[in-house]
Amino acid sequence: MTDRFDCYYCRDNLHGKKYVKKDEKHVCTKCFDKLCANTCAECKRPIGADSKELHHKNRHWHEDCFRCAKCYKSLASEPFSARDDGKIMCGKCGSREDGNRCQGCYKVVMPGSKNVEYKNKVWHEECFTCFECKQPIRTQSFLTKGEDIYCAPCHDKKFAKKCFKCKQPITSGGISYQDHPWHSECFVCKTCNKQLAGARFTSHEDGVYCVDCFKTDVAKKCNGCKNPITGFGHGTNVVNYEGLSWHEYCFNCKKCSLSLANKRFVINADHIYCPDCAKKL
């Protein structure tokens, strides 16, 4: 006599019949569909014994129901991603849905596409543009002002200091004189145009002069030695009296050579004398 081989639930004899083994129990297909079948996460119907079943992280689908939630492409043999909201998506739709969004157009930056990353933000290459001229920066250098991005020429034009002489932006180097910025090549002698950056110079009225031009073209002549009074080198102090000027070291009595700086003196025929010598004239 053959041992009985029955369904665990309905006790029908399973000899010669189709059955399913579930948790070490033998179950007829009817009982399996009614009592044991998993519910499809998509259509919410039981996944019968005769249906092919797919599963992922304790969720189950009919093979035909395992499709991308966006484009409905079958994912039975395709790579896919599972979202936190339970949706299953193909790689392309998942990237669009969850990928980084461009800071310029706010569309998804697809994996593998040309893009620019800066400070944990991402742009399509063509969307990473200068705030001023709106042209893509691509491989050029760029600078920022607050949250705005500028190509180097626009940044210089908008924010760089302007040369006091030529009024053009100073993009590098330059010098400062009397609270004004200058290009090094623009800071020149008013007379001979010699560049004065790093050289000795002096100013007079609205111009700057190299030492040589100041001596020959601008400086007053000492009424004593007849040489220019430049303020450079030995004897920078000057004595002025009634339109005449002297080096301090030249302001001496014509007769006894006594220095008369800060002392009483007498002028006679453009010459200076101490009071004692003046009495003897």
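Numerical summary
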quantity	calculated
Single residue of the range 134-174 satisfying the filter (open to solvent by less than 100 Å² (accessible area, probe 1.4 Å) and among the β-branched types (Val, Ile, Thr)) that is farthest from CYS105 (Cα to Cα)	ILE170
Any hit, the range 125-135, residues being basic (Lys, Arg), in a loop (DSSP other than H, G, I, E, B) and under 30 Å from GLU248 (Cβ atoms)	no
Yes/no for CYS253 being over 30 Å from CYS189 (Cβ atoms) and either among the basic types (Lys, Arg) or in contact with a helix residue (DSSP H, G or I) (Cβ under 7 Å, 6 or more places away or on another chain) (or both)	yes
Within the range 168-281, strands (runs of 3 or more DSSP E) holding 3 or more residues that are closer than 30 Å to HIS155 by Cα	175-177, 180-182
Condition met for SER203 (at pLDDT 80 or above, surrounded by fewer than 15 Cβ atoms within 10 Å (Cβ to Cβ) and either among the hydroxyl-bearing types (Ser, Thr, Tyr) or in contact with an Asp or Glu (Cβ under 7 Å, 6 or more places away or on another chain) (or both))	yes
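For every residue, the table says whether it meets (1) open to solvent by less than 30 Å² (accessible area, probe 1.4 Å); (2) under 30 Å from CYS189 (Cβ atoms).
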site	(1), (2)
CYS222	yes, yes
ASN227	no, yes
VAL238	no, yes
GLY243	no, yes
ARG264	no, no
ALA269	no, no
ILE272	yes, no
PRO275	no, no
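The values are calculated or read from the model by the stated rules, or taken from the named source; none is laboratory data. As the structure is a computational prediction, the values presented were derived from the model and not from experiment. Virtual Cβ from ideal backbone geometry, glycine too; neighbours counted across all protein chains shown. Each accessible area value is taken on the protein alone, full model and side chains, heavy atoms only, with ligands, DNA and RNA left out. Shrake-Rupley method; radii C 1.70, N 1.55, O 1.52, S 1.80 Å.
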